[in-house]
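Below is one structure, written out as structure tokens; the observations come after it.
The values are calculated or read from the model by the stated rules, or taken from the named source; none is laboratory data. What you see is a predicted model, and the numbers here were worked out from it, not measured in a lab. Every residue, glycine as well, gets a Cβ built from its backbone with ideal geometry; the counts of neighbours run over all protein chains shown. Only protein heavy atoms, including side chains, enter the accessible area calculation; ligands, DNA and RNA are left aside. Shrake-Rupley method; radii C 1.70, N 1.55, O 1.52, S 1.80 Å.
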Protein chains: 2
Amino acid sequence: MVTQAQGAGGGLPLEGMPAWQRARRQRIVDAALAALQRQEYEQIQIRDVAQVADVALGTLYRYFSSKEHLYAAVLQEWAALGRAGTTRSRRRSAEARVRARMHGVIKAFERQPQFYKVHMLLQSSSDPNVKALRAEFAESAQAMLAEDFAVLGADRADDAATMLWSIINTMLSQAIYHGGSMAEVYRIADRFIDLLAPELAEAALAP
Amino acid sequence: MVTQAQGAGGGLPLEGMPAWQRARRQRIVDAALAALQRQEYEQIQIRDVAQVADVALGTLYRYFSSKEHLYAAVLQEWAALGRAGTTRSRRRSAEARVRARMHGVIKAFERQPQFYKVHMLLQSSSDPNVKALRAEFAESAQAMLAEDFAVLGADRADDAATMLWSIINTMLSQAIYHGGSMAEVYRIADRFIDLLAPELAEAALAP
């Protein structure tokens with residue numbers, strides 16, 4: 001593994017960072033994200049990312065304590081981009097919106113399974129910076145799904161999103177690592193929405 | 001990683017194995033399972049397992065191509081033991097049976113999280129012997145859950161078991177690796193059964 005920790009304190013905190021530093025950090029994340037769109041994680045050299053971002057390697061490691069830390073930030077950015085890219089149409093039923101959003105999430109991983117693989121790889125990282133960002137990524141994926149369940153009320157929406165994300169997560173593992181089909185991921189996720197459909201319809205009709 | 005592959009052909013096929021070889025293989029699996037009940041996977045030395053099983057190290061590697069292969073067989077054995085240990089009482093509703101079985105599965109992983117960790121570790125193994133056994137383990141866990149959904153009909157029972165196992169799997173990861181609570185695993189799995197409860201009750205009443 002190409003882990004290069006800068007030491008216990010590595011990784012500048014994003015909060016309170018001046019604008020010019022944020023911009024530089026963003027440039028690094030953008031370059032790393034673009035690299036993962038072209039090639040597998042294992043093949044990415046951090047020095048190449050630094051070069052594309054036009055920063056010294058040592059500077060990159062002031063922002064990110066390890067390759068894992070950098071890619072935890074990349075995953076978060078990728079999720080934010082996906083979220084910003086979804087339409088917020090209100091023209092359909094709650095059920096239709098839930099399905100559309102869910103299909104969008106699965107399709108994103110289907111198109112770029114390397115992002116899912118990084119998500120899985122980072123699972124075993126012991127870098128505290130990674131753990132924190134990875135948790136935010138999972139929360140963010142769930143929060144996105146929960147938005148469309150909102151009609152069920154906050155608690156039930158959170159639970160439904162947790163279940164749906166759990167199902168997608170395991171099924172994606174099956175498809176990406178163990179020869180399962182992507183069609184099966186969509187099918188089982190849709191079956192789950194079937195179970196919620198009566199409740200979604202009822203809640204939408206309530207005053 | 002303490003992988004010691006014996007070469008491409010390692011691992012005698014279980015089918016067609018004479019009884020004395022089956023008994024020896026079983027002794028190896030039993031010794032390896034007992035070792036995992038005492039310590040973490042990483043700390044287990046294959047030579048110690050061979051010694052307890054009273055076979056030469058080279059003999060062990062004729063049965064199992066790698067430590068991963070051996071422990072894929074151990075997981076399967078562990079699942080079979082768990083399955084044999086569950087009661088087959090018919091005294092309650094389908095819903096109650098589903099919940100009892102599901103709680104049993106979660107509790108087994110709660111008591112011995114090292115078995116879950118091995119399940120996760122083996123995910124990234126490229127040994128074909130491991131892939132085959134690991135798939136059987138997941139299928140066996142799902143089949144166990146599907147038994148109690150049988151009242152829904154075969155297809156729906158399979159889908160329900162797939163969903164439930166997916167939820168348990170992701171939630172266990174969260175609890176075991178990322179500081180999530182075990183109580184949350186039970187709670188979310190129970191919430192999922194809540195969604196199926198009307199269907200289970202209806203199916204049970206059907207002629």
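Assorted remarks:
- Of all accessible heavy-atom area on region A:81-207, the percent that carbon and sulfur account for (1.4 Å): 54
- Proximity of backbone amide H atoms, modeled 1.01 Å from N, is registered between A:GLY180 and A:ALA175 at under 5 Å, excluding neighbours fewer than 5 places apart on the same chain.
- Debye, to nearest 20: dipole size of chain A, +1 on Lys, Arg Cβ, -1 on Asp, Glu Cβ: 620
- q = 0.24, 0.25, 0.30 Å⁻¹: log10 I(q)/I(0) that the Debye formula gives for region A:19-67, counting C-alpha atoms only: -0.84, -0.90, -1.22
- Positive-end ranking of B:ALA84, B:PHE192, B:THR170 along the dipole of region B:69-205, with charges on Cβ about the Cα centre, is headed by B:ALA84.
- Rounded percent of accessible protein surface that carbon and sulfur make up, region A:19-67, 1.4 Å probe: 47
- Size of charge dipole - the protein assembly as shown - debye, nearest 20, with Cβ of Lys, Arg +1 and Asp, Glu -1, no other charges: 340
- Average accessible surface area per residue within chain A, 1.4 Å rolling probe, Å²: 48
- Kirkwood-based Rg to Rh ratio, the protein assembly as shown, C-alpha trace: 1.00
- Interface residues of region B:139-184, defined as those losing at least 30 Å² of solvent-accessible heavy-atom surface relative to the isolated chain (probe radius 1.4 Å), are listed as B:ARG156, B:ASP159, B:THR162, B:MET163, B:SER166, B:ILE167, B:THR170, B:TYR177, B:HIS178.
- Trypsin sites (Lys or Arg not before Pro), loop per DSSP, at most 16 other Cβ atoms within 10 Å - longest free stretch of chain B: B:93-207
- Positive dipole terminus of chain B, leading residue within B:ALA161, B:MET17, B:SER181 (C-beta point charges): B:MET17
- Label-zone membership for region B:139-179, site B:ALA100, 7 angstrom Cα→C-beta point, backbone N under 13 Å: B:148
- For the chain pair B and A, the interface hides roughly 2200 square angstrom of accessible area in total, found with a 1.4 Å probe.
- Furthest towards positive pole of dipole, A:GLN123, A:TYR71, A:THR59, structure part chain A, Cβ charges: A:THR59
- Share of pairwise Cα separations in region A:69-205, more than 22 Å, in percent: 38
- J(HN,Hα) series, region A:177-187, from Karplus relation 6.51 cos²θ - 1.76 cosθ + 1.60, nearest Hz, glycine and proline x: 9, 10, x, x, 9, 5, 4, 5, 4, 4, 4
- Residue-by-residue Karplus 3J(HN,Hα) for region A:58-69, coefficients 6.51, -1.76, 1.60, Hz, glycine and proline x: x, 5, 4, 6, 6, 8, 10, 6, 6, 4, 4, 4
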